[in-house]
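A.B. asks: A single structure is presented below for examination.
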Amino acid sequence: MFFEQMHPSWQSQLAAFKELLTEIEEAIAGEEIVPETSKVMRVFEKPIEDYRVLIVGQDPYPNPEHACGLAFAVESEGAKPPSLENILKELRSDLGRATVRQGDISVWGDRGVMLLNRSLTTISGVSDQHSKLWSEFTLNAVTTLSETQPLVAVLWGRQAQQLAPVLSSSVVLSSPHPSPLSSYRGFFGSKPFSKVNTELIRLGEKPIDWTC
């Protein structure tokens, strides 16, 4: 199921992990998980070559109305989670208030930005319940992406920054996590969006349209 939900380009690159994905499916069978099953592999539905930027999150929002298969993004029109609010606040500060319209960052996925959580599922209502199940798979997905094409990786927080060793061939931008607990320790003022575009241009790539 999970393997089949990936784009063929990802299936080709990650064929060795088909059995692992089956084991994960079996491990979480019967649990009430978020996001819903059809969205777990959403970030892998686009071709691997479409991604020029990687933003790494920890795990899905634990509430079903927010979890959508893309790190930090939500699709509901209600109140946004604090981490997303802080991301939008920094985006306004970095690139101007007009950059944020609806605050739907899922559109970045159509412009070359991979919004990847280290853990692709958790139990509904409880954070960080499946990190051990997913760590090997997402580590290898990041390694593969980095080896495939020029990449700018944005690592927010300690857990994301653990991926730095496998991103040695990529440009890595690191800062504290945008959560309320750490955003004032250096996330605010880090200007990640303009820095990403500067690095993409240096690599001969087109900059990202961060409007959302």
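A.B. asks: Need one number: nm distance between label points at SER76 and LYS89, each 7 Å from Cα along Cα→Cβ, rounded to one decimal.
C.D. replies: Going by the 7 Å Cα→Cβ label model, 2.1 nm.
A.B. asks: Using just the helices of the chain, give the 222 nm mean residue ellipticity in deg cm²/dmol: DSSP H runs with n ≥ 4 each add -39,500 (n - 2.57), and the total is spread over all residues, rounded to 500.
C.D. replies: The per-residue figure over the chain is -9000 deg cm²/dmol.
A.B. asks: Describe numerically, in nm with one decimal, the distance between label points set 7 Å from Cα along Cα→Cβ at ALA16 and at GLU65.
C.D. replies: The modelled label-to-label distance comes out at 4.3 nm.
A.B. asks: For ASN140 and ALA98 in one chain, what is 0.36 nm times their gap in residues minus the Cα-Cα distance, to one decimal in nm?
C.D. replies: Length difference between fully extended and current span is 11.4 nm.
A.B. asks: Where the centroid of each part is defined by its Cα atoms, how far is the stretch 142-178 from the stretch 5-28 in Å?
C.D. replies: One Cα centre to the other: 22 Å.
A.B. asks: Which entries of LYS18/LYS46; LYS18/LYS39; LYS89/LYS132 have Cα-Cα distances beyond 20 Å here?
C.D. replies: Flagged as over cut-off: LYS89/LYS132.
A.B. asks: Then there's this: Using only the alpha-carbon atoms, what does the chain span along each of its principal axes? Please give whole angstrom values in decreasing order.
C.D. replies: For the chain, the Cα extents along the three principal axes come out at 45, 37, 27 Å.
A.B. asks: Output the DSSP H helices from the chain with an along-axis C-alpha extent of no less than 24 Å and a mean Kyte-Doolittle hydropathy no less than 1.6.
C.D. replies: none
A.B. asks: Taking the mean number of other Cβ atoms within 10 Å as a proxy for protection, how do you rank 67-80, 113-126, 156-169, 13-26 from highest to lowest?
C.D. replies: 113-126, 67-80, 156-169, 13-26
A.B. asks: Relative to the compact-globule scaling 2.2 N^0.38 Å, provide the ratio for the alpha-carbon radius of gyration of the stretch 25-68.
C.D. replies: That works out to 1.34 for the stretch 25-68.
A.B. asks: Another question, then. For the stretch 8-202, what's the relative contact order in percent, using C-alpha pairs closer than 8 Å and at least 6 residues apart?
C.D. replies: Computed over the stretch 8-202, the figure is 25 percent.
A.B. asks: Please list, or write none, the lysines whose alpha carbon is within less than 16 Å of the alpha carbon of LYS206, excluding same-chain residues fewer than 8 places away.
C.D. replies: LYS206 reaches LYS195.
A.B. asks: Follow-up question, since we're still on this one. How much length is gained on full extension from SER168 to ARG202, taking 0.36 nm per residue of separation minus their Cα-Cα distance?
C.D. replies: Full extension of this stretch gives 10.5 nm more.
A.B. asks: Moving on. If you take every DSSP beta bridge whose two residues both sit in the chain, what share of them, in percent to the nearest 5, is antiparallel?
C.D. replies: 10
A.B. asks: Sorting ILE105, ILE201 on the 10 Å Cβ count, fewest up front, what's the list?
C.D. replies: ILE201, ILE105
A.B. asks: Given 0.36 nm per residue, what is the gain on full extension from SER38 to MET1 after removing their alpha carbon distance, in nm?
C.D. replies: 12.4 nm
A.B. asks: Is the stretch 1-49 rounded, prolate or oblate when judged by the Cα gyration tensor, a ≥ b ≥ c being the square roots of its eigenvalues, rounded requiring a/c under 1.5 and prolate requiring a/b larger than b/c?
C.D. replies: Oblate.
A.B. asks: Which shape class, rounded, prolate or oblate, goes with the stretch 58-156 when its Cα gyration tensor gives a ≥ b ≥ c as root eigenvalues, a/c under 1.5 marks rounded, and past that a/b bigger than b/c marks prolate?
C.D. replies: Oblate shape, in that a/c is at least 1.5 and b/c is the bigger or equal ratio.
A.B. asks: Please rank TYR61, TYR51, fewest neighbouring Cβ atoms within 10 Å first, as an exposure proxy.
C.D. replies: TYR51, TYR61
None of the figures in this text is laboratory data; all of them are computed from the coordinates on show. Keep in mind it's a predicted model, so treat the numbers as computed, not measured. Don't worry about glycine lacking a Cβ; one is built from the backbone with ideal geometry, like all the others, and counts go over all protein chains shown.
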